[in-house]
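Report on the structure given below.
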Amino acid sequence: MMALWNNLPGGLQDTVFVLALLVPAVALCAGLWRGFAPGPLIRALLWRYRWTNLGYVILIAISIGLSIAIVMAERGLREGSATAADKFDLIVTAPGNETTMMLATVYLRPTAMPLLSGDVYNDIASAENVAMAAPLSFGDSVNGMPIVGTIADFVSHLGDGQIQGRMWQDEAEAVAGALSGLHIGDEVAPAHGIGDDADNDAHGDFHIEIVGKLPPTGSPWDRAVIVPIESVWHTHGLASGHPPDRANQIGPPFDPAYFPGTPAIVVRADALFANYALRSAFSQSEQTMAFFPGTVLARLHSILGDIRRVMSWLTIVTQCLVGMSVLLGLFILSRLFSRQISLLRTLGAPSRFVVCVVWSYNLTLVAAGTVLGILVAWAATAGIAYRVSNLMGFTITTRFESMDFAFIAAFLSGVTICALLPILVSLNATPVQNLND
Amino acid sequence: MSLALEVTDLSVRTARHKALLEVGNLKIDAGAAVGIRGPSGAGKSTLLSALAGLTDRTSGTIRWGDTDILSLSRAGRSDFRASTIGFVFQDHRLFEELSPLQNASLSLMYAPKSERRPVLARAGALLSTFGVPSDHATVAPMSGGERQRIAVARALTQDPQIILADEPTANLDRVTAQTLGNDLLGSVRNAGKTLVLVSHDDALLARMDTILTLEHGRLL
Ligand SMILES: Nc1ncnc2c1ncn2[C@@H]1O[C@H](COP(=O)(O)OP(=O)(O)OP(=O)(O)O)[C@@H](O)[C@H]1O
Ligand SMILES: [Mg+2]
């Protein structure tokens, strides 16, 4: 039996688990309905109190929706930030705060960073097992989007080789991120600085033409304009990275004597195992620090995880409150029915029939609220994802996991079973007491 | 098939132990039609409720045929009502949100599957006999007299052996009242049902086998 279960594919296991959580509610429903035909009466009652019912359904939908949305948004944030850092295997910067350096390079947060020299760059680029060492350069912007200088190899790596259009050929050409809003053939003038301080005239009438476009990467680089690093150096009146006789060269190798410096180098090893050796090698010098963005993120996420644990307690407490108010609501709704209940009992309808009518009525409301709640959760997460994506630059995923459905199924089962309680209490109010009310 | 009634030492009290009804002894033959009259507040509705096993704080015996309904459990009394008693309430007690036919055939919702068709057919036939307009989606807009007739139809639909009717013609004009009285008495007498009927309508009471008078909770 256990072996059979373990052999099921994961998706099927999850589905079975969710369905199993619904079994009590379904069994209760089947037991209550057996041999009865209460449909017209339930429909008529639902219609009669439609506005009360609607308000109640919306209340359930919002409270369920928001508590799922919080979980989904936190998960989306975690996954989205990790996806954004995917292409940055190992980052080398001057010693400092790893988190700050990571935010500056992966998430393109404007930050003043100390520079690494040409010698340092060459040592790294020529180290054993290094497949790619991409210097980065920041500082300018177009329409509020950062301009990032680097080498062609890194752009190909970011786009998995799927660049639309072509790679740049000289320093007046650029590749735009997928969400930059720029198109191939557009010409843009770089502004010095980024954000409110950007100076549109500092670089004279230097123009950059967009010749290629990256596919979406889910990272803030989607909203960046990527240019040859020589272009950034040039517009700031710095050396070109190459000796005068090769002044028009684009890309490595660079000559240390003409290398203006880079705040960060993204390193890719030719084999996975080599990454760790490279990290320790580049961390030994006093001039450099090397780190895996994934590790730094994991550390941030563990803080987030601690917050999540606190939040999940809060979620459980809120869920209990929601469950209790749902039950209280059902109690009040059942009181609404006391006349109908007593009438049915007076006519001789079996108790199970009365319970069946009121319970099915309740179940309809709770189920409708829950289904609507899933929509609310999806909409709320999409809204949060949209805002955060604009704010942080990376894409936040909006998707349900089987745990969400398990949670919903457990809630539905729990509430429908607990809903029997107020009904049984109402049932015990004797017919004649209510008849004489 | 019909049932005789034998009541002994029946007493119904309020929650504050005030006596609402004291009936030492009452016998009704199987298949008889008995009228009950008395001033307002005398306890007529209370007596009918007690006879259907609907009152609390009730002592004594109420024997329908061989069954003492006061010795039955709550569920047992409910079953007994469903199978044996048709009750017409003073204030109709219809489901406002259901149609006339659905109201009159309400019991089919919890009756065994095999009985659903006959119940529906009987309800339809009774409503057309009573001249109830059938084009209403719900009974909410219907007049008091129309509701009264639906309530009587509902009581007769299950073909019960006992009919307890609380002022079934109270809201009707003379002609309609007389027609309904005829229909009710007709179906009771034909099938030999036992009828206990509360009324202020002397014409209707005059057609009963026996008339009892209730005052201050006691039979005179
Ligand atoms: N549950 C109760 N608690 C207290 N008093 C009650 C209760 N039910 C009925 N009564 C009282 O018992 C008395 C008899 O009521 P009942 O409804 O039987 O009168 P009735 O003879 O049917 O009057 P009417 O002709 O107006 O319908 C009334 O005074 C009423 O107020
Ligand atoms: Mg009365």
* **Computed label-point distance, nm, for sites B:S2 and A:V26 using a 7 Å Cα→Cβ extension** => 5.3
* Structure fact -> Expressed in angstrom and rounded, the centroid-to-centroid distance over alpha carbons for the stretch B:1-47 and the stretch A:95-145 is 98
* Determine the residues within the stretch B:102-120 where the difference in accessible area between the chain on its own and the full set of protein chains amounts to at least 40 Å²; count protein heavy atoms only and use a 1.4 Å probe. => B:M109, B:Y110, B:R116
* Structure fact -> The set of residues whose placed amide H lies less than 5 Å from the amide H of A:E173, leaving out same-chain residues fewer than 5 positions away, is A:E209
* Asked: Can you list the HN-Hα couplings for the stretch B:196-206, worked out from phi with the Karplus curve (6.51, -1.76, 1.60; θ = phi - 60°), rounded to whole Hz and with x for Gly and Pro?
  -> 10, 10, 9, 7, 9, 8, 4, 4, 5, 4, 4
* To do: Under 20 Å Cα to Cα from B:K27, which lysines show up? Leave out anything in the same chain fewer than 8 places away.
  => B:K44, B:K193
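Suppose only helical runs count, i.e. DSSP H with n ≥ 4. What mean residue ellipticity at 222 nm does that imply for the protein assembly as shown under -39500 (n - 2.57) per run, divided by all residues and rounded to the nearest 500 deg cm²/dmol?
One gets -16000 deg cm²/dmol as the mean residue ellipticity at 222 nm.
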* Structure fact -> Between the modelled labels at A:H183 and B:T67 (7 Å from Cα along Cα→Cβ) the distance in nm is 8.4
* Asked: Using the heavy atoms of the protein chains alone and a 1.4 angstrom probe, what is the accessible area of chain A per residue in square angstrom?
  -> 47
* Structure fact -> Rounded to whole angstrom, the alpha-carbon centroid of the stretch A:288-360 lies from that of the stretch A:217-285 at a distance of 53
* **From phi via Karplus (6.51, -1.76, 1.60), per-residue ³J(HN,Hα) for the stretch A:289-305 in Hz, x at Gly/Pro** => 9, 10, 8, 8, x, x, 5, 4, 4, 4, 5, 4, 5, 5, 5, 4, x
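Averaged per residue, what accessible surface does chain B expose to a 1.4 Å probe, in Å²?
I get 43 Å² per residue for this part.
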* So, with a 1.4 angstrom probe, what is the percent of accessible area on chain A that is carbon and sulfur? -> 63
* To do: Quick one: which residues, 5 or more positions from B:I36 or on another chain, have an amide H under 5 Å from its amide H? H modelled 1.01 Å from N in the peptide plane, none for Pro or chain starts.
  => B:L197, B:V198, B:S199, B:L212
* Rounded to 5, percent antiparallel among DSSP beta bridges of the protein assembly as shown -> 65
* Apply 1/(1 + (r/R0)^6) to the Cβ-Cβ distance of A:S302 and A:Y276, taking R0 = 25 Å, and write down the FRET efficiency to the nearest 0.05. => 0.75
* So how do A:3-14, B:119-130, A:147-158 stack up, highest first, on mean other-Cβ count within 10 Å? -> A:147-158, B:119-130, A:3-14
* Structure fact -> Highest GNM mean-square fluctuation among A:G35, A:G373, A:G165, for chain A with Cα springs under 10 Å, belongs to A:G35
* Structure fact -> For A:K87, the aspartates and glutamates lying under 19 Å Cα to Cα, once residues fewer than eight places off in the same chain are dropped, come out as A:E79, A:E98, A:D153, A:D160, A:D222, A:D270
* Using Cα pairs closer than 8 Å and at least 6 residues apart in sequence, work out the relative contact order for chain B, in percent. => 32
* Roughly how many Å² of A:V225 are accessible to a 1.4 Å probe, to the nearest 10? -> 0
* What accessible area, summed over both chains, is buried at the B-A interface (1.4 Å probe, Å², nearest 100)? -> 2300
* Asked: Which of rounded, prolate, oblate describes the protein assembly as shown, given a ≥ b ≥ c as roots of the alpha-carbon gyration tensor eigenvalues and a/c under 1.5 marking rounded, otherwise prolate only if a/b is larger than b/c?
  -> prolate
* **Cα-projected label distance for A:L19 with B:A19, points at 7 Å along beta-carbon direction, nm** => 6.6
* Asked: Taking amide H positions as placed 1.01 Å from N in the peptide plane, with prolines and chain starts having none, which residues 5 or more places from B:Q90, or on another chain, fall under 5 Å of its amide H?
  -> B:D166
* **Three-way shape label, the stretch A:6-116, alpha-carbon gyration tensor, a/c 1.5** => oblate
* Structure fact -> Note on the stretch B:63-207: alpha-carbon gyration tensor, axes a ≥ b ≥ c; rule is a/c under 1.5 for rounded, else prolate if a/b larger than b/c, else oblate; result oblate
* To do: Quantify how strongly other chains surround peptide B:74-83 by giving the mean number of their Cβ atoms within 10 Å of each of its Cβ atoms.
  => 4
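Report relative contact order for the stretch A:90-291 in percent, whole number only (criteria: Cα-Cα under 8 Å, sequence separation at least 6).
With pairs under 8 Å counted, the relative contact order is 33 percent.
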* To do: With both partners inside the stretch A:90-291, how many of the DSSP beta bridges are antiparallel, as a percent to the nearest 5?
  => 75
* Asked: So what are the ³J(HN,Hα) numbers for the stretch B:72-87, from phi and the Karplus equation (6.51, -1.76, 1.60; θ = phi - 60°), rounded to whole Hz, Gly and Pro as x?
  -> 7, 6, 4, 5, x, 5, 4, 4, 4, 4, 4, 8, 10, 10, x, 10
* Structure fact -> Site B:Q178, offset 7 angstrom along Cα→Cβ, radius 19 Å on amide nitrogen, limited to the stretch B:184-217, gives B:184-187, B:200-208
* Asked: Build a GNM of chain A with springs between Cα atoms under 10 Å: which of A:T364, A:T295, A:T397 gets the top mean-square fluctuation?
  -> A:T295
* Asked: Mind checking which of A:L336, A:L412, A:L21 has the largest fluctuation in a GNM of chain A, springs on alpha carbons under 10 Å?
  -> A:L336
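The values are calculated or read from the model by the stated rules, or taken from the named source; none is laboratory data. In this text the structure is predicted, and so the values were computed from the model without any measurement. All Cβ positions, even for glycine, are placed from backbone atoms using ideal geometry, and neighbour counts span all protein chains on display. Protein only, heavy atoms only, side chains kept; ligands, DNA and RNA dropped before computing areas. Shrake-Rupley method; radii C 1.70, N 1.55, O 1.52, S 1.80 Å.
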